[in-house]
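To keep things clear, I will list the structure first and then write my remarks on it.
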Amino acid sequence: MKTFETKTFDIPELKGISKKSIEEHLKLYSGYVKNANNVLAKIAELSKDAENNAYVIGELHRRFAFEYNGMRNHESYFASFQGGAKAIDEKSALMEAIKKEYGSFDAWLSSFKGLAMTRGIGWAMLYYDRNDSRLIMSWVDEQHLGQLNACDIILGLDMWEHSYVADYQPSGKKQYVEDFFANLNWEIVEKRFH
Ligand SMILES: [Fe+2]
């Protein structure tokens, strides 16, 4: 059976987010990869007696999007730090798309930061909607509830408490969002948009 592989990331020293937090967070990421594989393996195994295992198989199918999207969300998050902080290229296609959709980069940034402060655990997402060739922002509860169909993640910001509480305390959520942008390598985000 084909399996998902845990990716490795070359993450430099970050502003605000400690090495220890990243190490612990990467362990959570590999848990999603492992469980995405486990769910599919378990469904295959139980399907040998599908009739008797129908209820459990159904529950595993329901579980899969949580594990799979948890894996993909984290891959986009960690990749965004690779290579160190780099500002957005004023002349990039992404910058153009942001201006077209939100008026200005600052207007988008302020709106995205607001999105990130949504109460609860989940993700602040910037997507590209291929169907209508436009950028869309959305909040994702947990790892999967609210992901937009047929949209690609351009930028994903993990707003689960495990990503910031150890370094910032619960009250430092806003500073974590600020530091995420201070650490972001826009070149990677621009490439993803391409
Ligand atoms: Fe996370």
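Miscellaneous remarks
- Residues in region 1-33 that are away from the ligand (no atom under 12 Å from the Cβ), in a helix (DSSP H, G or I) and β-branched (V, I, T): V33 alone.
- Of all the numbered requirements in (1) over 15 Å from the mean Cα position of the chain (by Cα); (2) buried (at least 17 other Cβ atoms within 10 Å of the Cβ); (3) within 14 Å of the ligand (Cβ to nearest atom), Y164 misses one, and that requirement is (1).
- Restricting G83, G58 to residues that are of a type in the set (G, A, S), at positive phi and away from the ligand (no atom under 16 Å from the Cβ) narrows the list to G83.
- Contact annotation: residue pairs with Cβ atoms under 8 Å, 6 or more positions apart or on different chains, pairing a residue in region 21-46 that is among the basic types (K, R) with a partner that is surrounded by 14 or more Cβ atoms within 10 Å (Cβ to Cβ), are K34/T6; K42/L60.
- Pairs meeting the criteria (first residue in region 78-92 and assigned to a loop (DSSP other than H, G, I, E, B), second residue of a type outside the set (D, E, K, R) and surrounded by fewer than 14 Cβ atoms within 10 Å (Cβ to Cβ), beta carbons under 6 Å, at least 6 apart or on different chains) are G84/P12.
- Residue check for F64: within 21 Å of M125 (Cβ to Cβ), out of contact with any His (no Cβ under 8 Å at 6 or more places or on another chain) and outside the structural domain of Y128 (by TED's automatic domain parsing): yes
- Single residue of region 140-194 satisfying the filter (touching an Asp or Glu at 6+ places or on another chain (Cβ under 8 Å) and outside any helix (DSSP H, G or I)) that is modelled with the lowest pLDDT: A150
- Residue check, R63 closer than 30 Å to A44 by Cα and within 16 Å of the ligand (Cβ to nearest atom): no
The values are calculated or read from the model by the stated rules, or taken from the named source; none is laboratory data. All values reported here derive from a predicted model rather than from experimental measurement. As a convention, Cβ positions derive from the backbone with ideal geometry for all residues, glycine included, and neighbour counts pool all protein chains shown.
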